[in-house]
Every structure is written in structure tokens, then in C-alpha cells.
Amino acid sequence: MYHSRIGNQICSTSPNSECGETQTMDHIVSSCPLYHFPGGLPRLHLADEEAVLWLEGLNGI
């Protein structure tokens, strides 16, 4: 059993994200072909409107 704080994946039987890579915050933010945030973690830390909308859109992954 793997644990994650991403979306509703609190407990999972797999450590992988939907793209098949290991689901980590760095992967989701920086390199996931399905969910990455343009500008990566440095831009996400700005917490501007686009960053907040992106984070809200992660609900459910």
C-alpha cells in the first residue's frame, strides 16, 4: 500500500501516476506529460492566479 497526499490518492496499491511514472510532487509539477505546471516548482511557488487554478484542477488525480 502506497500513500500520497495528491488529490484523492490518499492510499493506493501502486506508486505510479496515470502516465506510468512514479507519482511524486516533483514529477507531477515538473515532468508529468499529463499534469506538469509550466514553469515548474519555482513558478508554482509564486502562487499566482494560474498556479492556484492549476492546483485546484489537480483535485481527483
Residue check, Glu18 under 11 Å from the mean Cα position of the chain (by Cα), at pLDDT 80 or above and surrounded by fewer than 14 Cβ atoms within 10 Å (Cβ to Cβ): yes
Contact list, first residue from region 34-61 and in contact (Cβ under 8 Å) with a residue 40 or more places away in the chain, second anywhere and aromatic (Phe, Trp, Tyr) and surrounded by 13 or more Cβ atoms within 10 Å (Cβ to Cβ), beta-carbon distance below 7 Å, six or more apart or interchain, is Leu58/Tyr35; Ile61/Tyr35
Residues of region 18-61 being among the aromatic types (Phe, Trp, Tyr) and assigned to a loop (DSSP other than H, G, I, E, B), which ones? Tyr35, Phe37
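The values are calculated or read from the model by the stated rules, or taken from the named source; none is laboratory data. None of these values were measured; they are calculated from a predicted model. Note that each Cβ is placed from the backbone with ideal geometry, even for glycine, and that neighbours are counted across all protein chains shown.
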